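These notes concern the structure reproduced below.
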Amino acid sequence: DAGVTQSPTHLIKTRGQHVTLRCSPISGHKSVSWYQQVLGQGPQFIFQYYEKEERGRGNFPDRFSARQFPNYSSELNVNALLLGDSALYLCASSLEGTPYGYTFGSGTRLTVV
Amino acid sequence: EDQVTQSPEALRLQEGESSSLNCSYTVSGLRGLFWYRQDPGKGPEFLFTLYSAGEEKEKERLKATLTKKESFLHITAPKPEDSATYLCAVTTGANSKLTFGKGITLSVRP
């Protein structure tokens, strides 16, 4: 069975640009959560979606937004990129809206120059 | 605010040299403490979930324990393939997120 799929795996953007990151959960999983992991730090919670509704939001500015589609895949959008947005962005899926049984994808490495 | 502190930041062991990784936490109403393994450039890989003080879980050379204030990940006779970053995280269940520590980078020399 396919695991959590994230795309793209790497990308480089310029300050001020916009970026869209994508996540396909494990088949049957209805919840997707997004985390940001800056180099040398642990992952930090950004958003959780369950059944296409936002269930939780971390302490991130409004430049960050996300949505979940009817097929349970998800997009994370970041506007007006800053150098500090450079990080590994991780998507985790689970059956229900809890972290029990989280499966993480391999992440998208975003570099802002 | 939930806080998770892991120590040491980095640990270098000789193959076969057993040791323990520490995770101390401050939360209101722990619902679960998680240990993950993360290899460079990869997402975290689930190892254990512990729910209450006194609970222990084992998997191959790894054993996780939990008290009311901290958790330990004991590594017995480690091998070079155990080299990775080990992350500890907690959830209070209130909003279903995980709060992670910074991780411990383990290096095992042959």
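For the range B:9-43, filtered to residues that are within 14 Å of chain A (Cβ to nearest Cβ) and of a type in the set (Asp, Glu), the residue that is nearest to B:Phe100 (Cα to Cα) is B:Glu9.
For beta carbons closer than 6 Å, sequence separation of 6+ or different chains, a first residue in the range A:23-43 that is closer than 12 Å to B:Phe100 by Cα and a second that is not in a strand (DSSP E or B), the qualifying pairs are A:Tyr35/A:Pro43; A:Gln37/A:Pro43; A:Gln41/B:Lys102; A:Gly42/B:Gly101; A:Gly42/B:Lys102; A:Gly42/B:Gly103.
Scanning the range B:44-54 for residues that are assigned to a loop (DSSP other than H, G, I, E, B) and within 10 Å of chain A (Cβ to nearest Cβ) returns B:Pro44, B:Tyr51. Candidates are the residues of the range A:90-113 that are more than 20 Å from A:Pro8 (Cβ to Cβ), hydroxyl-bearing (Ser, Thr, Tyr) and in contact (Cβ under 8 Å) with a residue 24 or more places away in the chain; the one that is farthest from the other protein chains (Cβ to nearest Cβ) is A:Ser94.
Where strands (runs of 3 or more DSSP E) fall wholly inside the range B:69-110, the ranges with 3 or more residues that are within 14 Å of another protein chain (Cβ to nearest Cβ) and under 28 Å from B:Gly29 (Cα atoms) are B:84-91.
Checked against (1) of a type outside the set (Phe, Trp, Tyr); (2) within 20 Å of A:Gln36 (Cβ to Cβ); (3) not in a loop (DSSP other than H, G, I, E, B), B:Gly41 passes all but a single condition, namely (3).
In the set A:Phe60, A:Phe64, only one residue is closer than 29 Å to B:Thr85 by Cα, without any contact (Cβ under 8 Å) to a residue 24 or more places away in the chain and either among the hydrophobic types (A, V, I, L, M, F, W, C) or touching a strand residue (DSSP E or B) at 6+ places or on another chain (Cβ under 8 Å) (or both); that residue is A:Phe64. Taken together, the residues in the range B:58-68 that are buried (at least 16 other Cβ atoms within 10 Å of the Cβ) and either among the basic types (Lys, Arg) or within 14 Å of chain A (Cβ to nearest Cβ) (or both) amount to 1. The residue of the range A:5-44 that is farthest from the chain's Cα centre (by Cα), among those that are buried (at least 22 other Cβ atoms within 10 Å of the Cβ) and not in a strand (DSSP E or B), is A:Gly42.
Laboratory data are not the source of any read-out in this text; all were calculated from the coordinates shown. Predicted, not measured: the structure shown is a model, and the values here were computed from it. As a convention, Cβ positions derive from the backbone with ideal geometry for all residues, glycine included, and neighbour counts pool all protein chains shown.
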